[in-house]
Each structure stands twice: as structure tokens, then as C-alpha cells.
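Before any comments, here is the structure.
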Amino acid sequence: MTGSDVGAPFRLAYVPGVTPTKWVRMWAQRSPELPLELSQLAAADAPQAVRDRRVDAALLRVPADRSGLHAIPLYTETTVVVIPKDHLLTATDELTPADLADEIALHPLDDTLGWDHPPGHPALDRPATTGDAIELVAAGIGLLVVPQSLARLHHRRDLTYRTLVDAPQSQVALSWLEDETTDAVEHLIGIVRGRTTNSTRGRQPAPVEPKPAPKRRPTPPRAKQRRR
């Protein structure tokens, strides 16, 4: 991807908790002629934004409705329980769903783990967002199970988290429209997969035909010298 003219930007969406900083920096280094336009979308909205062509690709969480979309898994997140710092469950580094059996478990409407019923007792109402659920945890109303990146995103000094084993996990993937794997998409795939600039994978430019060597003119024969 070379050229001196700045083209239309490549539109990349990402969901809360995903940090594309490293990939954005590599894109800028390798393709300064093609701007990368970032936008953050709610996890539930990202797949449809790709289908509607409001963005060219998205870093989103699965499980999600991937009909009509390609998706390359990038990494799987650790699942954690967000709890007050003075809670008894902070005494251990890892928890299981059985440890939450007597607790109130908050289940926000924007839950990204995809389970129908989190462990513990359900709250009377489901919070609208993960941010709202975090506020309820801080108020001592219940606990919240989320991917670790969301626990970090909503960090508060009065809260902490512990790893929850034997629980659903959130997988982050790069997604784009089927049948629309453009050169720019291939370029982004190479970046998120850690390919070097010299990698032979992905789309390659057409081979350049070697120019034929210039023909040499025949050397004229030397004139014979006459004998005297």
C-alpha cells in the first residue's frame, strides 16, 4: 500500500474495553497515505454497523450475530467478578460460580458474556449498562461478572475484581463484511495478526515484468592492414 495521495479514511470501530492503540500506531507507520478513522460503538451495535457499511471493519466481541460477516478471533479475555474491596470474597485469588451462590448478581442489558442467568441471585431489575451496574456494586447492592478489560475500564478505587473460573469468556475478533475483503482489510488483518511488512501472506502486488536487456550492436570487423 503505497502512494503519495491521501485517500478516503478506513473506518474502524471498536467496542468498550478493546484497546486498538498498538494496531493504530502500526497502521500509521506502514500506511501514512491512508488515514485510519476510529469510532467506539456499543458491543451490541458493532455488528450491524459493519453490515450497514457505516464502518469498514470492527473489533468486536463474540458471541455476536455474525451473519454476513467474517470474523478472525484475536484473543480470549479472562472473566472476573467485580466486588467491593472490603468484601469477604477478596480473600481468594480465584472464584467459581458456586462461590457466588448466595450473592446478588447484576446482569446488565449490555452483558457481553452471553449467558442467560449469571450465578447467584438475580437483582430485581437489570441495569441498563455495565457502567450502571458498576455503580450498584459500589453501593453494595450486588456483584458483577464481566470480561477483565471492562473491569479495568470502569476502575474505581473502592472496587476490585477476582478471576472467575468455569464461566463463559468473551472473545475479541476482527470482523468485516463477507465478499468485501479489500486490500485495506487485508492490510489490517496482517497488522492484527502480527505479520511483518515483508510477509508474503495476504494480497500481493502484481509481479513486475523484467525489462528486456538492450540489444548490443554488433562490433564492426577491423579493416585489414595492407602489407607494404
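For (1) of a type outside the set (Asp, Glu); (2) over 26 Å from the mean Cα position of the chain (by Cα); (3) within 28 Å of Pro20 (Cα to Cα), each residue gets a yes or a no:
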| residue | (1), (2), (3) |
| --- | --- |
| Pro108 | yes, no, yes |
| Pro118 | yes, no, no |
| Leu136 | yes, yes, no |
| Leu144 | yes, no, yes |
| Tyr161 | yes, no, yes |
TODO: Return a yes/no flag: does segment 6-19 have any residue that is hydrophobic (A, V, I, L, M, F, W, C) and at pLDDT below 95.
DONE: yes
Task: Residue in segment 37-61 that is least open to solvent (accessible area, probe 1.4 Å), counting only those that are farther than 20 Å from Val24 by Cβ and among the basic types (Lys, Arg) - done: Arg51
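If you scan segment 75-97, which residues turn out to be open to solvent by 50 Å² or more (accessible area, probe 1.4 Å) and in a helix (DSSP H, G or I)? Spell out the reasoning first.
The initial filter retains those residues of segment 75-97 that are open to solvent by 50 Å² or more (accessible area, probe 1.4 Å), namely 75-76, 78, 85-86, 88, 91-94.
Scanning segment 75-97 gives Leu88, Ala91.
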Open item on the list: Take the residues in segment 65-74 that are in contact (Cβ under 8 Å) with a residue 40 or more places away in the chain and of a type outside the set (Val, Ile, Thr); name whichever of them is least open to solvent (accessible area, probe 1.4 Å).
Closed with: Leu69
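Name every residue in segment 8-39 that is of a type in the set (Phe, Trp, Tyr) and part of a helix (DSSP H, G or I), in order of residue number. Let's see the steps before the verdict.
Step one: filter segment 8-39 for residues of a type in the set (Phe, Trp, Tyr), giving 10, 14, 23, 27.
Answer for segment 8-39, where residues must be of a type in the set (Phe, Trp, Tyr) and part of a helix (DSSP H, G or I): Trp23, Trp27.
The values are calculated or read from the model by the stated rules, or taken from the named source; none is laboratory data. Quick caveat: nothing in here was measured; it's all calculated off a predicted structure. As a convention, Cβ positions derive from the backbone with ideal geometry for all residues, glycine included, and neighbour counts pool all protein chains shown. Just so you know, the surface numbers come from the protein's heavy atoms only, side chains and all, with ligands and any DNA or RNA stripped out. Shrake-Rupley method; radii C 1.70, N 1.55, O 1.52, S 1.80 Å.
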